[in-house]
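The values are calculated or read from the model by the stated rules, or taken from the named source; none is laboratory data. Just so we're clear, the structure is a prediction, and the values are computed from it rather than from any experiment. Quick reminder, even Gly has a Cβ in these numbers, built from the backbone with ideal geometry, and neighbours come from all protein chains shown.
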């Protein structure tokens with residue numbers, strides 16, 4: 001009488017299998033993260049899998065590599081799992097290749113400079129309207145002339161330390 005094989009029986013169970021599990025998982029949490037990856041997750045998984053296959057092909061028992069047959073001469077099963085998953089939690093996170101992150105940083109820097117230039121102009125204009133200084137007074141000021149605090153505030157190119165030191169003293 002023939003018995004049907006049990007579906008729960010694994011034909012490779014009696015063999016000594018080679019099991020590899022590799023994780024290149026990326027977990028991002030919180031807000032406002034910039035994560036630069038060398039490649040996309042699927043490309044990364046393919047790169048890892050190809051490297052493993054090359055390693056198996058190039059290694060032999062004589063070189064101290066992994067024996068691909070068991071003690072009875074049967075081929076050993078190879079099971080490779082590559083986890084290239086990604087979890088992103090939070091808001092305003094950007095995950096991408098290095099070139100994408102570089103573009104984001106350039107755009108953010110340009111936006112910051114525009115905002116900074118706009119806020120400096122609006123501050124100088126507000127001071128002008130109050131009569132504290134005019135555009136010409138900050139340009140015509142000489143280093144040996146005493147300047148009021150409101151004039152010092154009109155000079156955005158001066159560091160804060162010079163503006164503070166210049167209040168009530170002769171600027172150097």
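Candidates in region 63-90 are the residues that are loosely packed, with under 14 Cβ neighbours inside 10 Å, under 26 Å from the mean Cα position of the chain (by Cα) and in a loop (DSSP other than H, G, I, E, B); of these, the one that is modelled with the lowest pLDDT is 85. Scanning region 9-60 for residues that are assigned to a loop (DSSP other than H, G, I, E, B), closer than 30 Å to residue 90 by Cβ and either touching a strand residue (DSSP E or B) at 6+ places or on another chain (Cβ under 6 Å) or modelled with pLDDT of 80 or more (or both) yields 24, 25, 29, 30, 31, 32, 33, 38, 39.
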